[in-house]
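The values are calculated or read from the model by the stated rules, or taken from the named source; none is laboratory data. Since the structure is predicted, the reported quantities are computational estimates derived from the model, not experimental observations. Positions of Cβ are backbone-derived with ideal geometry, glycine not excepted, and every protein chain shown enters the neighbour counts. Heads up: the accessible areas ignore ligands, DNA and RNA and are worked out on the full protein's heavy atoms, side chains in. Shrake-Rupley method; radii C 1.70, N 1.55, O 1.52, S 1.80 Å.
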Amino acid sequence: IEFTIQDGKLYMLQCRVGKRTAAAAVKIAVDMVKERLIDQKLAVLRVDPAQLDQLLHPRVDPTAKVQKIAKGLPASPGAAVGRVVFTASEAEAEAAKGERVILVRTETSPEDIGGMHAAQGILTARGGMTSHAAVVARGMGKPCVAGSTDITAYEEHGYFFAKDLKIQRGDYITLDGGVGDVMQGEVKLIQPELSGDFATLMTWADKYRKIGVRTNADTPKDAQVTRKFGAGGIGLCRTEHMFFEGDRIDAVREMILAEDVEGRRRALVKLLPMQKADFKGILEIMGDLPVTVRTLDPPLHEFLPKTEAEIEELAKKVGAPPDRLKAKADAMHEFNPMLGYRGCRLGIEYPEITEMQAQALFEAACELRRAGKNPYPEVMIPLVGTLKELEMQQDIVERVAKETMKKYKVKVRYMLGTMIEVPRACLVADDIAKVAQFFSFGTNDLTQTTLALSRDDAGKFLPLYVDRGIYAEDPFVSIDQQGVGSLMDMAVKKGRATRKDLEIGICGEHGGEPRSVMFCHKIGLDYVSCSPYRVPIAKLAAAHAVLKEKVKVKEMGEK
């Protein structure tokens, strides 16, 4: 407040909202309730959900001197310091020695999962806010700067250029994934502290929100983090991420390159116990909470060896000529894999894949049921655009579920539904709901297919579009409510016109963004699902959606 006193009279000159950190905002709100100056509802509204990222991740010390060398997209919040490495195997080896490392890649792929786990943070030259690096990093709670056009990575030579500056393997860099900065050297970080006031505020948010909050989690370890943040279940378990643990990738590749059904089944037999163990671990940790398991989604070429050396090595393992393997891998190349041979299309061409995954899931659930547990799996079929696609996959899942429960002599509650991620599915949602017991919006892909934008390439021009007001904000960060949102609203209404009790959620990365959460509440979704580290943000935003609605109603009544 700025004021003056003249001739014994007080004049208020101006006032502004005081700037404060997230920790200060939480403390002030909770203290004012204790002092009976405001009630709990107003305290919840006093804290900006987007600010909570400051409390959940390490951040750069504001007093530290920094040398910024590059800028990219703020793809996953938090700050990290480490030595530069360029391959996943190198990251794992260095981390095993106790080194802190930053994984620098032109772009990441599913086979980099091990290195991403081992790294303190990830930096990529290509990719957008929902690229592989961004999505996986957010799920792991690791800082990520993606799509930095300021850098050029020469992975095979062991260095990258940040504009004109050469950074070599082993050099220290610092990432700030909250703002997209890349800094030279080791910068001092401040570690997060979740005070008792934070827990108190979250309790109040839980009291007022109506929409559920689940997390995206792919491993038993992720499930433990999910429980730690108090989520109401798992809204997306991406089964393909399990295929890169240990030597599983060899069995996956053997399955893909098999010449016939018998060959594929032999490889799938090797994968079955591994996938079953993962499912059992996740379901056991989650107790009676729902776990939405998505069947295999990415295009198969992502699992194949890339280099001549990798092809030679795989050829020895599977006993096949390297030339034949290379020819098969080349034949599977797609110009636009995102719109290609993936999702339910794989399960329709290779029903034995869906069969194996269903068997692994239901055997895990039945074993837990026999042990007195109450698991709740939800099977989600991706990329469905027609009722027939879903029916063909439904036949497999329900047959396997029935056979497995009969074998174990137990009943397991489960649901079968689909991921709504292509516009056609929204347009015919009333038809799809004849089979689907639940919908889950995959808004990453729904945004791509609706706006004709590649999430991996659009980072080159999207900032310009936002700067010039073509888009009010990046549609991969906050739901495009006018376009994508209209399709979602249509799908909700059409789906529930067919099936009144249709459960509907969202599992795209928008599930942890405050404005998107409020929109999901508005159109009547049952839950949002986001990375574990965004659960508090989603909970607070969901509470804001309810409380702001009440404030509007009150204001209208007064008018």
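Roughly speaking, what is the centre-to-centre gap between the stretch 172-204 and the stretch 1-78 when only Cα atoms are used, to the nearest Å?
Here the two parts' Cα centres lie 15 Å apart.
Which pairs break 24 Å Cα to Cα here: K210/K434; K276/K402; K493/K522; K276/K434?
K210/K434; K276/K434
At 0.36 nm per residue, and after removing the present C-alpha to C-alpha distance, how many nm does the segment from M338 to R20 gain when stretched out fully?
Fully extending the segment from M338 to R20 adds 110.2 nm.
Using just the C-alpha positions of the stretch 479-524 as equal point scatterers, what log10 of I(q)/I(0) does the Debye formula give at each q in 0.20 1/Å?
Values returned for q = 0.20 Å⁻¹ are -0.63.
Using the charge dipole of the stretch 5-129 (Lys, Arg: +1 at Cβ; Asp, Glu: -1 at Cβ; taken about the Cα centre), state which of T87, M32, G121 has its Cα farthest towards the positive end.
M32
Using only helices, what value at 222 nm comes out for the chain when you add -39,500 (n - 2.57) per DSSP H run of length 4 or more and divide by the total residues, to the nearest 500 deg cm²/dmol? List each step's numbers first, then the result.
On the way: 22 runs with 246 residues, N = 559.
Computed mean residue ellipticity for the chain: -13500 deg cm²/dmol.
What number comes out for the charge environment of V145, summing +1 per Lys or Arg and -1 per Asp or Glu over other residues with Cβ under 13 Å away? Walk me through the numbers before you get to the answer.
On the way: positive: K68, K71, R105, R126, R138, K142; negative: E107, D150, D176, D181.
Net charge around V145: +2.
Contact order normalised by length for the chain, with contacts defined as Cα pairs under 8 Å and 6 or more residues apart; what percent is it? The partial results should precede the final answer.
Numbers: 1165 pairs, mean separation 83.0, N = 559.
Relative contact order comes out at 15 percent.
Write down Rg/Rh for the stretch 1-115, rounded to two decimals, with Rg from the C-alpha atoms and Rh from the Kirkwood relation over Cα pairs.
1.20
In whole angstrom, how far apart do the alpha carbon centroids of the stretch 254-310 and the stretch 363-392 sit?
15 Å
With each pseudo-label sitting 7 Å past Cα toward Cβ, what's the S486-I348 distance in nm, one decimal?
Going by the 7 Å Cα→Cβ label model, 2.8 nm.
Expressed as a rounded percentage, what relative contact order does the stretch 370-470 have, with Cα pairs under 8 Å and six or more residues apart?
Values: 112 pairs, mean separation 29.8, N = 101.
Normalised by residue count, the contact order of the stretch 370-470 is 29 percent.
Can you list the HN-Hα couplings for the stretch 387-392, worked out from phi with the Karplus curve (6.51, -1.76, 1.60; θ = phi - 60°), rounded to whole Hz and with x for Gly and Pro?
Per-residue couplings from phi come out as 4, 4, 4, 5, 4, 5 Hz.
Relative contact order of the stretch 275-388: what whole-number percent is it, with Cα pairs under 8 angstrom and at least 6 residues apart?
52 percent
Apply the Karplus parameterisation 6.51 cos²θ - 1.76 cosθ + 1.60, with θ equal to phi minus 60°, to every residue of the stretch 442-450 and state each ³J(HN,Hα) to the nearest whole Hz, in sequence, with x for glycine and proline.
Listing the rounded values in order: x, 6, 4, 6, 4, 5, 4, 6, 7 Hz.
With every protein chain left in place, what is the accessible area per residue of the stretch 437-559 in square angstrom, probe 1.4 Å?
Here the per-residue accessible area is 43 Å².
Sequence-distant or interchain residues sharing an amide H contact under 5 Å with I504, placed H: which?
For I504, the qualifying residues are F439, D526, Y527.
Can you give the charge dipole size of the stretch 1-157 about its Cα centre, rounded to the nearest 20 debye, using +1 on the beta carbon of Lys and Arg and -1 on the beta carbon of Asp and Glu?
Result for the stretch 1-157 is approximately 720 debye, rounded to the nearest 20.
Kindly express, to the nearest 10 degrees and within the range 0 to 90, the angle between helix 261-286's C-alpha long axis and the longest C-alpha principal axis of the chain.
30 degrees
Find out how many positive minus negative residues lie around P74, taking Lys and Arg as positive, Asp and Glu as negative, among other residues whose Cβ is under 9 Å from that of P74. Mind showing how you got there, number by number?
Working: positive: none; negative: D176, D181.
My count for the surroundings of P74 gives -2.
Report in % the part of the accessible area of the stretch 30-82 that belongs to carbon and sulfur, leaving out ligands and nucleic acids; probe 1.4 Å.
Ligands and nucleic acids excluded, carbon and sulfur reach 51 percent.
Hey, how many Å between the Cα centroid of the stretch 81-98 and the Cα centroid of the stretch 105-160?
Cα centres, the stretch 81-98 to the stretch 105-160: 13 Å.
So if I place +1 on the C-beta of Lys and Arg and -1 on the C-beta of Asp and Glu, and nothing else carries charge, what would the dipole magnitude of the stretch 32-110 be about its Cα centre? I want it in debye, nearest 20.
Details: 12 positive and 10 negative charges, 65 e Å.
Dipole magnitude for the stretch 32-110 comes out near 320 debye.
Rounded to two decimals, what ratio of Rg to Rh does the stretch 254-360 give with C-alpha atoms and a Kirkwood Rh? Mind showing how you got there, number by number?
On the way: Rg = 15.6 Å, Rh = 15.4 Å.
Result for the stretch 254-360 is an Rg/Rh of 1.01.
Counting just the Cα atoms, what span does the stretch 49-170 cover along each of its three principal axes? Round to the nearest Å and put the largest first.
42, 30, 29
With point charges of +1 on the Cβ of Lys and Arg and -1 on the Cβ of Asp and Glu, referenced to the Cα centre of the chain, which listed residue (A429, I69, G343) lies farthest in the positive direction of the dipole?
A429
Taking the Cα centre of the stretch 273-397 as origin, work out the dipole magnitude from +1 charges on Lys and Arg Cβ and -1 charges on Asp and Glu Cβ, in debye rounded to 20.
Approximately 180 debye in magnitude.
What accessible area per residue comes out for the stretch 58-131, rounded to a whole number of Å², with a 1.4 Å probe?
Per residue, the stretch 58-131 has 37 Å² of solvent-accessible surface.
With r defined as the distance between the Cβ atoms of R248 and K550 and R0 fixed at 45 Å, what FRET efficiency is calculated, to the nearest 0.05?
Efficiency, rounded to the nearest 0.05: 0.35.
Would you be so kind as to identify which of P475, Q448, V492 lies farthest towards the positive end of the dipole of the stretch 417-543, taking Lys and Arg as +1 and Asp and Glu as -1 on Cβ and the Cα centre as origin?
The residue sitting most towards the positive pole is V492.
Can you list residues from other chains, or at least 5 along the same chain, whose modelled amide H is less than 5 Å from the amide H of A70?
V182
Which length gain, in nm to one decimal place, applies between A93 and K65 when the Cα-Cα distance is subtracted from 0.36 nm times their residue separation?
Working: separation 28, 0.36 × 28 = 10.08 nm, distance 3.10 nm.
Between A93 and K65, full extension yields 7.0 nm more.
State in Å² the accessible area per residue of the stretch 191-344; use a 1.4 Å probe, count heavy atoms of protein chains only, and round to the nearest integer.
That works out to 45 Å² per residue.
Determine, for each peptide in 104-113, 197-206, the mean count of other beta carbons within 10 angstrom over its residues, then list the peptides with the highest first.
So the peptides 104-113, 197-206, ranked by packing, come out 104-113, 197-206.
Using θ = phi - 60° and the Karplus form 6.51 cos²θ - 1.76 cosθ + 1.60, what ³J(HN,Hα) does each residue of the stretch 353-367 get, whole Hz, x for Gly and Pro?
5, 4, 4, 4, 5, 5, 5, 4, 5, 6, 5, 4, 5, 5, 5
Pulled fully out, how much extra length does the chain show between T149 and L427, if you take 0.36 nm times their separation in residues and subtract their Cα-Cα distance?
Numbers: separation 278, 0.36 × 278 = 100.08 nm, distance 3.73 nm.
That works out to 96.3 nm of additional length.
Could you order the peptides 263-272, 314-323 from most to least packed, using the average number of other C-beta atoms within 10 Å per residue?
Descending packing order for the listed peptides: 263-272, 314-323.
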